[in-house]
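This report refers to the structure that appears directly beneath it.
What follows draws every value from the coordinates through simple rules; no lab data is involved. Computed from a predicted structure; not experimentally measured. Here Cβ is always computed from backbone atoms with ideal geometry, including for glycine, and neighbour counts include all displayed protein chains.
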Amino acid sequence: MNLPKKTLLRLVFSFLLGLVGVLILGFTLYPIISYELNNRSSLSGLLSPVVEEDVDIFYEKDYTKASNWFVGGAKIEDFSLPKVAFYNLSIPKLRIEDAVVAIGGEDLNEHLIQYPGTALPGQVGNAVIFGHSILPRFYDPKNYISIFSLLPTLEKGDSIFVVYDGIEYLYKVEDMFEVTPNDIQVLEQNRSDSYLTLVTCTPPGDPRKPKRLIVRAKIVSNQANKQTENLNI
């Protein structure tokens, strides 16, 4: 049976609209599915097990505010600005250069945030830095909304540079794992050395953002030590 030309055109048009809808849905979901399949397998020796919990209560949170990232952690008032308010962070592998880290404040739209109560760079302890992430395809190392979107691509041994109070510190990535928002142990201070912890929501681009990706690095050297070594030669 031959269909009228207008009916045939409607069917073709409907099919094309449906196809476009499927492509748009796939375009949106691919980064999340790809993260779950590829990154977990490639970092299988680096990622720690994740305890699955009911995280529905976190879905409506504003994750551009750092105080919402961990349950039972620092409160909004803990993020007040100190006298020394900013320093810089660079990650060559991710093309992040001299990103501003605020010691206080909690607006991740404007800069990276050092979590209240954690050690300053170069000090013994654990400096914890929060950064926002979105779909990796929209990654821009100069945009603080997307700045940590490629954090899952870091590997053991990658370099992270921090310049605090005129001194440059070099950290090397040691570990990477995921936690739930209830696990605030990652904010605790390890007094055996100087550590740097980078935190972002994961999977990148997932609007629920139910987990936190933790990248832990350990200090290797700093500019002050190099200057002392040169004087002793």
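Compared with the direct C-alpha span, the chain from Asp140 to Arg10 gains 42.7 nm at full extension, assuming 0.36 nm per residue. In this simple spin-label model, placing a label point 7 Å from the Cα along the Cα-to-Cβ direction at both Leu23 and Glu110 gives a separation of 4.2 nm.
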